[in-house]
Amino acid sequence: MMIIASNWKMNLDRLSAEQLLAEMGSCPVSDKVSRIVFPSFTLIDLARTTRDHIGQTVHITLGGQDCHDAASGAHTGDVSAAMLVEAGCQWVLVGHSERRQNHMEHSEKVAAKTKAAQAEGLSVMLCVGENLEERESGKAEATVTAMLAASLPQQVDADKLAIAYEPLWAIGTGMTATPSDVAAMHQAIHNYLKDLGLKDVPVLYGGSVNPDNASALLALEQVDGVLVGGASLDADSINAITLAAEN
Ligand code: PGA
């Protein structure tokens with residue numbers, strides 16, 4: 001199963017989100033491909049209605065871009081995992097580098113969010129990645145496995161987990177990791193998860209994925225899908241990436 005995940009970030013208005021989903025719905029997918037869309041909170045309900053209108057067979061599930069680790073309470077501006085479930089989400093992104101950087105979210109917080117989300121029945125897409133300095137000094141794999149170790153809660157449900165490897169220097173920059181670097185990092189992540197007894201956890205690549213580089217990345221046996229930011233906002237691009245996963 002290949003996962004094509006769209007991270008819309010803080011983009012799109014209601015009309016453009018509806019149009020984009022409709023165009024995604026016109027791209028046929030087999031059971032081999034699963035699509036996940038992560039809209040901003042205010043667009044989740046619209047995305048659900050639009051997706052249901054197109055039909056469940058389009059294999060599009062929805063996710064929140066973040067959640068709080070508490071079930072409820074005095075947390076202005078935050079959204080709980082249960083609220084995401086109620087809104088129709090099956091997934092949540094946690095630990096995205098933009099959250100880690102812009103909201104000082106450390107890995108312990110990410111682990112707490114993962115735990116809270118799985119407790120509500122959500123599947124978690126947990127993001128990890130190294131920065132350029134760590135990559136250039138040969139510390140990428142050590143950095144990523146340490147980040148993963150700290151971001152996983154003690155008890156984690158492997159059936160409700162996916163990892164997104166997103167090198168920070170590749171996000172939104174047009175720079176992509178080479179297929180051999182991606183293969184090596186994904187292998188390290190797969191090995192680490194296996195050592196923990198976490199089986200069959202999909203590992204996705206993210207960072208400037210586009211229709212031109214998607215095929216080479218998706219062809220790697222260590223890659224179970226892609227998490228797409230910028231290119232996911234354009235119907236032709238995300239559909240071309242989806243079709244690359246079919247082949
Ligand atoms: P990008 O974003 O595809 O625009 O690099 C990916 C992400 O941040 O999830």
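When Asn102, Asn11 are checked against the criterion of being touching a residue at least 24 places away in the same chain (Cβ under 8 Å), open to solvent by 60 Å² or more (accessible area, probe 1.4 Å) and within 16 Å of the ligand (Cβ to nearest atom), a single residue qualifies: Asn11. A Cβ distance below 6 Å, combined with a sequence gap of six or more or placement on separate chains, defines the contacts here; from the stretch 129-144, residues that are over 17 Å from His96 (Cα atoms) reach residues that are among the aliphatic types (A, V, I, L, M) in the pairs Glu134/Ala140; Glu141/Ala188.
Results for (1) hydrophobic (A, V, I, L, M, F, W, C); (2) away from the ligand (no atom under 12 Å from the Cβ), shown as yes or no for each residue.
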{"site": "Val144", "(1), (2)": "yes, yes"}
{"site": "Ala149", "(1), (2)": "yes, yes"}
{"site": "Ala158", "(1), (2)": "yes, yes"}
{"site": "Tyr165", "(1), (2)": "no, no"}
{"site": "Thr173", "(1), (2)": "no, no"}
{"site": "His186", "(1), (2)": "no, yes"}
{"site": "Leu198", "(1), (2)": "yes, yes"}
{"site": "Ser208", "(1), (2)": "no, no"}
{"site": "Gln222", "(1), (2)": "no, yes"}
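Assessment of the stretch 113-124 against the conditions (under 19 Å from Leu220 (Cβ atoms) and aliphatic (A, V, I, L, M)) yields no matching residue. Once the stretch 18-40 is narrowed to residues that are out of contact with any His (no Cβ under 7 Å at 6 or more places or on another chain) and hydroxyl-bearing (Ser, Thr, Tyr), the residue that is most open to solvent (accessible area, probe 1.4 Å) is Ser26. Identify, from the list Thr50, Thr76, Thr61, the residue that is hydroxyl-bearing (Ser, Thr, Tyr), away from the ligand (no atom under 16 Å from the Cβ) and touching a strand residue (DSSP E or B) at 6+ places or on another chain (Cβ under 7 Å). Residue meeting the stated conditions: Thr61.
Scanning the stretch 160-191 for residues that are surrounded by fewer than 19 Cβ atoms within 10 Å (Cβ to Cβ) and touching a Gly at 6+ places or on another chain (Cβ under 7 Å) yields one hit, Gly172.
Give the stretch 131-145 a look and list any residue that's assigned to a helix (DSSP H, G or I) and loosely packed, with under 15 Cβ neighbours inside 10 Å, or say none.
If the condition is that a residue be assigned to a helix (DSSP H, G or I) and loosely packed, with under 15 Cβ neighbours inside 10 Å, then Leu132, Glu133, Glu136, Ala142 are the ones that fit.
No other residue among Val128, Val58 is over 18 Å from the mean Cα position of the chain (by Cα) and open to solvent by less than 40 Å² (accessible area, probe 1.4 Å) apart from Val58. Among the residues examined, Leu93 does not qualify as within 22 Å of Val228 (Cα to Cα) and over 18 Å from the mean Cα position of the chain (by Cα).
Candidates in the stretch 210-220 are the residues that are surrounded by 15 or more Cβ atoms within 10 Å (Cβ to Cβ) and either hydrophobic (A, V, I, L, M, F, W, C) or under 16 Å from the mean Cα position of the chain (by Cα) (or both); of these, the one that is nearest to the ligand (Cβ to nearest atom) is Asn210.
The values are calculated or read from the model by the stated rules, or taken from the named source; none is laboratory data. Because the structure is a prediction, the values reported are computed rather than measured. Glycine gets a Cβ as well: all are built from the backbone with ideal geometry, and neighbour counts include every protein chain shown. For accessibility, only protein heavy atoms count, side chains too; no ligands or nucleic acids. Shrake-Rupley method; radii C 1.70, N 1.55, O 1.52, S 1.80 Å.
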